[in-house]
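K.L.:
What follows is a single structure, and I will ask about it in a moment.
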Amino acid sequence: MRFWLKKVLWRHVVGIVVAAFALFPLVWMISAAFDVTGQISTQQLIPVHKGLDNFVQLFSNKEKPFGIWSKNSLIIAISAAGMQVIIGALAAYSLSRHRFKGRKLTLTTILIVQMFPQLLAATTLFLIINTFGRSFAILGLGHQLPLILVFGGSALGVNTWMLKSFFDTLPTEIDEAAKIDGAGHFEIFRKIIIPLATPIFVVTFLLSFIGIINEYLITSVILGLDGKNMTVAVGLQQFIYGQYGKNWGPFTAGALLATIPVMTLFIFLQKHLVSGLVSGSTKG
Amino acid sequence: MNIKAVSKGSKYLFAFGFILILLVMGTKLYQDKAWFLAIFFYVSAALIFYTYSISKSTPAKYLLPGVLLLTLFHIYPAFYSGAVAFTNDSNGHQLTKDQAIAAIVQDSKIPIATQEPVKYQTLIEEGSKKVFVLFKYESENYWLSDGNAIRSVSPDPRSVLVDGTVVKVGGFTILSPDQTQAQIAVLQNLVINLDSGISFQPQDLETLEVSQPAFMYNEAKDELINTLSGESYEPNDNGQMVSKSGEVLYPGWKANIGWRNFSSIITDKEIRRPLLAVLVWTFANAFLLVLISFLMGLVLALIFNFPALRSKRFYRTIFIIPMAIPSVLSLLVWSGLFTAETGVIDRLFHISIPWLTHPWWARVAVLIVELWITFPYMFLITTGAIQAIPGEILEAAAIDGASPAKSFTQIKLPLVVRTVAPLLVASVAMALNNFGAIYLLTGGGPTFSNSNGNAGATDILISYTYKLAFNSQEGNNYGLASALSILNFLIVGLISIYGLKKMKTMEGIN
């Protein structure tokens with residue numbers, strides 16, 4: 001007992017304090033979402049006027065259709081994240097396994113290009129997509145396809161580095177064995193690398209997915225101001241930055257609804273995520 | 001049939017189909033005068049064809065799709081934005097030179113007094129139902145125009161009355177005064193321009209006001225002349241027309257100004273002073289954030305790496321929740337929590353701190369929130385690093401009589417730091433460009449009083465640049481913003497390269 005008190009209790013105390021810090025905004029988000037008065041400023045922890053009004057408001061607003069936003073976010077995020085993982089995995093496989101002349105240059109270029117924040121090139125991206133739109137309506141402003149392609153442009157970035165680091169940990173003897181058995185490079189990729197790398201693919205997909213759900217700058221530039229086209233990240237901000245003052249009620253309700261699936265996914269795949277990040281740290 | 005052959009055949013079909021689509025799209029883009037994109041599509045089609053059928057290079061087959069997308073949506077925009085840095089592209093300088101001069105000329109119209117009022121008649125074109133105006137001015141023929149196109153017509157002399165009124169024009173219906181009244185809304189907005197620059201506008205239901213631009217552009221001498229005052233205006237090197245006495249005409253145009261955006265960063269006090277403050281905070285914010293969050297993560301990792309603590313996984317799950325909430329949402333919630341006095345934080349702790357309106361408290365608030373977002377990541381990587389330390393080393397140290405403190409400072413700490421160093425460098429690079437945390441929380445504010453209304457106490461370079469380009473108080477200045485983007489890129493790039501190099505040498509020290 002003495003042992004426990006001396007060595008363990010204080011750790012629990014620290015843990016609880018830090019946990020309170022970590023959960024702080026989440027707790028208030030839940031509180032404000034169920035508070036009918038919709039004010040996060042004068043929020044009480046247990047709302048005086050509880051109710052589901054905010055949620056109802058969220059789904060019945062014609063100009064701010066949360067349901068449609070969610071659908072948009074999902075379509076864009078899943079497609080773009082999938083694209084990023086596939087392109088990144090292909091590139092990472094080659095960068096890991098093949099030794100070729102421009103290899104180091106490619107790796108350095110990928111690193112350096114990522115340092116120019118895409119958001120500052122927003123006007124150029126706007127011009128490009130606008131030009132596309134004049135020739136092909138489906139590739140123009142206000143559509144999802146060009147946005148997904150723009151995100152695809154970031155595929156060769158941090159993702160690729162992470163995947164490459166992981167591939168580097170897979171011993172090349174496996175490749176050699178397969179080659180002796182007559183497998184071509186793509187077959188090795190399909191039959192050996194992919195099954196082994198599934199956890200890291202999941203992690204990469206998850207991180208890309210969350211990143212794209214989160215993205216609101218380039219999304220708003222390309223999708224425009226029409227409420228029906230917005231994603232959750234862009235749309236929910238309308239409640240805060242709109243002309244009628246800050247409407248925390250529906251905002252926190254929507255934020256809660258958007259957070260729950262993402263957070264569940266995160267916690268569910270926690271094991272893979274942690275091992276992915278941790279292996280990233282030990283391998284550099 | 002051989003499955004392998006079928007799949008190979010269909011692969012070829014798919015590839016060729018794709019190349020064909022790219023070529024067709026490229027052609028349409030060419031027809032629509034989208035030169036760069038058309039060329040890009042053609043080149044992409046050619047590269048795809050070459051890489052997947054002729055070339056022996058295997059890596060290229062894996063890298064090409066990513067590289068093409070990277071080029072179009074990352075590299076090209078970066079270069080294009082960079083090029084803008086050498087222009088004066090901003091509000092008031094967005095037209096081409098020709099457009100700007102045409103606009104100045106158009107806006108300078110003054111009425112001409114005519115001996116007799118110029119009468120007109122209103123017509124409706126049969127079929128299109130468009131409203132046209134018919135009148136006579138300094139010519140034997142009549143002018144017929146709907147405000148867009150104008151042509152000269154000579155009606156049949158038998159359908160022209162003595163006073164010049166025309167009673168019949170083929171393909172048109174001539175309106176009576178009552179019918180003309182009905183078209184008043186359209187007539188009010190009608191402006192008819194002759195090539196000579198003279199323009200006409202209905203001033204009532206029967207007569208036109210004739211005006212002529214006061215300015216005339218002499219293309220050969222590249223100067224504008226004010227026909228009234230005789231003043232002449234010539235282009236300066238900032239995309240504007242100025243007179244000898246310094247009078248500037250608006251609008252200006254987009255002009256190449258070379259390195260002036262960059263030099264103004266140093267020479268122009270209005271730009272230099274806020275920029276310096278922003279730069280200092282950019283670095284301070286990034287380094288403080290990484291340092292504090294790393295220490296916090298490390299301490300927590302050490303505390304919770306204790307074997308006897310069985311609820312490790314529980315705490316770890318809770319600790320990573322900040323990472324699990326989409327930052328867009330959590331940042332906005334935090335901004336609400338930090339509201340002064342009535343905000344949750346002030347009421348909960350019974351304090352009254354003007355978090356978002358006082359420069360230094362705003363900075364503290366920003367650091368707190370950034371810490372909240374970052375510490376889980378630091379916790380995870382330091383935990384991983386600690387767990388990766390081979391147990392034998394620690395046992396050996398214990399046997400040698402090292403105290404826990406010594407074991408920490410001389411073995412654990414250096415090993416952990418060396419392992420996570422590359423990630424810390426990456427974190428610093430990301431923190432330097434941490435747009436969301438600043439913009440969503442404080443908008444970069446509170447704004448400095450001595451700046452041009454754009455820079456604030458919590459602004460980092462990227463948020464300041466963004467505001468200059470898209471949200472400026474003094475008119476968006478894309479040229480200057482692009483110059484700052486290049487500066488931003490250089491700073492982040494150099495720090496990252498320096499950090500990586502330093503680590504390469506650290507790796508050597510084993």
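The values are calculated or read from the model by the stated rules, or taken from the named source; none is laboratory data. Nothing here was measured: the structure is a model prediction, and the numbers come from that model. When we count neighbours, we look across all protein chains shown, and the Cβ atoms used for this are built from the backbone with ideal geometry, even at glycine.
K.L.:
Please tell me if B:LEU424 is modelled with pLDDT of 80 or more and either in contact with a Leu (Cβ under 6 Å, 6 or more places away or on another chain) or farther than 22 Å from B:LYS501 by Cβ (or both).
P.N.:
Answer is no for this residue.
K.L.:
Within the stretch B:57-69, does at least one residue satisfy the condition of being under 30 Å from B:LEU480 (Cβ atoms), free of Cβ contacts under 8 Å to residues at least 40 places away in the same chain and buried (at least 17 other Cβ atoms within 10 Å of the Cβ)?
P.N.:
Yes.
K.L.:
Determine, yes or no, whether B:MET378 is more than 21 Å from A:ILE213 (Cβ to Cβ), in contact (Cβ under 8 Å) with a residue 40 or more places away in the chain and within 13 Å of chain A (Cβ to nearest Cβ).
P.N.:
yes
K.L.:
Taking B:LEU20 as the residue in question, decide whether it is loosely packed, with under 13 Cβ neighbours inside 10 Å and within 26 Å of A:SER154 (Cα to Cα).
P.N.:
Judged against the criteria, B:LEU20 is a match.
K.L.:
Here is a follow-up. Could you list, in sequence order, all residues of the stretch B:442-466 that are crowded, with 22+ Cβ neighbours inside 10 Å and either within 12 Å of another protein chain (Cβ to nearest Cβ) or in contact with a Cys (Cβ under 6 Å, 6 or more places away or on another chain) (or both)?
P.N.:
B:ILE460, B:LEU461, B:ILE462, B:SER463, B:TYR464, B:THR465, B:TYR466
K.L.:
Within the bounds of the stretch B:376-391, is there any residue that is in a helix (DSSP H, G or I) and touching a strand residue (DSSP E or B) at 6+ places or on another chain (Cβ under 9 Å)?
P.N.:
no
K.L.:
So which residues in the stretch A:94-107 are more than 8 Å from chain B (Cβ to nearest Cβ) and either under 25 Å from the mean Cα position of the chain (by Cα) or among the hydroxyl-bearing types (Ser, Thr, Tyr) (or both)?
P.N.:
A:SER96, A:LEU107
A quick yes/no check of all residues on (1) over 20 Å from B:ALA38 (Cα atoms); (2) hydrophobic (A, V, I, L, M, F, W, C):
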residue	(1), (2)
A:PHE126	no, yes
A:THR131	no, no
A:PHE136	no, yes
A:GLY140	no, no
A:HIS143	yes, no
A:LEU147	no, yes
A:ASN159	yes, no
A:PHE166	yes, yes
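K.L.:
Do any helices (runs of 4 or more DSSP H) lying entirely in the stretch B:247-328 carry at least 2 residues that are more than 11 Å from chain A (Cβ to nearest Cβ) and under 24 Å from the mean Cα position of the chain (by Cα), and which ones are they?
P.N.:
Correct list: B:260-267, B:269-304.
K.L.:
Which numbered condition in (1) surrounded by 19 or more Cβ atoms within 10 Å (Cβ to Cβ); (2) small (Gly, Ala, Ser); (3) at pLDDT 85 or above is the only one that B:ALA46 fails?
P.N.:
Here B:ALA46 meets the rest and fails (1).
K.L.:
Checking the condition within 47 Å of the chain's Cα centre (by Cα) and hydroxyl-bearing (Ser, Thr, Tyr), which residue from B:SER159, B:SER128, B:SER139, B:SER176 passes?
P.N.:
Result: B:SER128 is the single residue among B:SER159, B:SER128, B:SER139, B:SER176 that is within 47 Å of the chain's Cα centre (by Cα) and hydroxyl-bearing (Ser, Thr, Tyr).
K.L.:
Would you mind finding the one in A:THR198, A:THR172 that is over 16 Å from A:THR160 (Cβ atoms), out of contact with any strand residue (DSSP E or B) (no Cβ under 7 Å at 6 or more places or on another chain), without any contact (Cβ under 8 Å) to a residue 12 or more places away in the chain and more than 14 Å from every other protein chain (Cβ to nearest Cβ)?
P.N.:
So the residue among A:THR198, A:THR172 that is over 16 Å from A:THR160 (Cβ atoms), out of contact with any strand residue (DSSP E or B) (no Cβ under 7 Å at 6 or more places or on another chain), without any contact (Cβ under 8 Å) to a residue 12 or more places away in the chain and more than 14 Å from every other protein chain (Cβ to nearest Cβ) is A:THR198.
K.L.:
If B:GLU395 satisfies all but one of (1) closer than 20 Å to B:LEU289 by Cα; (2) away from chain A (no Cβ under 14 Å); (3) of a type in the set (D, E, K, R), what's the number of the condition it fails?
P.N.:
If we test B:GLU395 against (1) closer than 20 Å to B:LEU289 by Cα; (2) away from chain A (no Cβ under 14 Å); (3) of a type in the set (D, E, K, R), just (1) comes out false.
K.L.:
If only one of A:ILE110, A:ILE86 is more than 7 Å from every other protein chain (Cβ to nearest Cβ), at pLDDT 80 or above and within 22 Å of B:GLY82 (Cα to Cα), which one is it?
P.N.:
Matching residue, one of A:ILE110, A:ILE86: A:ILE110.
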